[in-house]
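I have placed the structure first, in the form of structure tokens, so that the comments after it can refer back to it.
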Amino acid sequence: MSNKLERYYQDAKGNKWYRYFAVFCRFVLAAAWLISGYVKVSGERFAAGLSHNHPLGQYFDALLNTGYYYTFIGIGQII
């Protein structure tokens with residue numbers, strides 16, 4: 001099992017398409033993280049399309065109503 005996994009790892013490490021995909025994923029995740037951070041810093045409701053009656057919508061509303069903590073999370077995401 002270990003040799004099979006190590007062989008797969010070495011094959012993946014040498015494949016340029018895996019590397020390109022990893023870099024692409026990192027950029028996309030960083031962009032999403034920054035965008036959501038800017039929304040929080042600007043004081044807007046995160047996931048504005050989500051209903052206020054939905055449990056996750058209620059969570060985001062409560063988080064927004066905390067004030068400085070919501071902004072602190074956004075600044076942390078941007079940094």
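The values are calculated or read from the model by the stated rules, or taken from the named source; none is laboratory data. Because the structure is predicted, anything quoted here is derived from the model rather than measured. Note: ideal-geometry Cβ built from the backbone for every residue, glycine included; neighbour counts use all protein chains shown.
What the table shows:
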| read-out | value |
| --- | --- |
| Test result for Asp61, assigned to a helix (DSSP H, G or I), surrounded by 11 or more Cβ atoms within 10 Å (Cβ to Cβ) and either out of contact with any Gly (no Cβ under 6 Å at 6 or more places or on another chain) or of a type outside the set (D, E, K, R) (or both) | yes |
| Pairs with Cβ under 6 Å, 6+ apart, first in the stretch 57-71 and more than 10 Å from Val41 (Cα to Cα), second in a helix (DSSP H, G or I) | Leu63/Tyr70; Leu64/Tyr70 |
| Conditions (1) at pLDDT 90 or above; (2) touching a Leu at 6+ places or on another chain (Cβ under 8 Å): number failed by Phe46 | (1) |
| Hits in the stretch 4-49 - residues which are surrounded by 10 or more Cβ atoms within 10 Å (Cβ to Cβ), on the phi < 0 side of the Ramachandran plot and not in a helix (DSSP H, G or I) | Asn15, Glu44, Arg45, Phe46 |
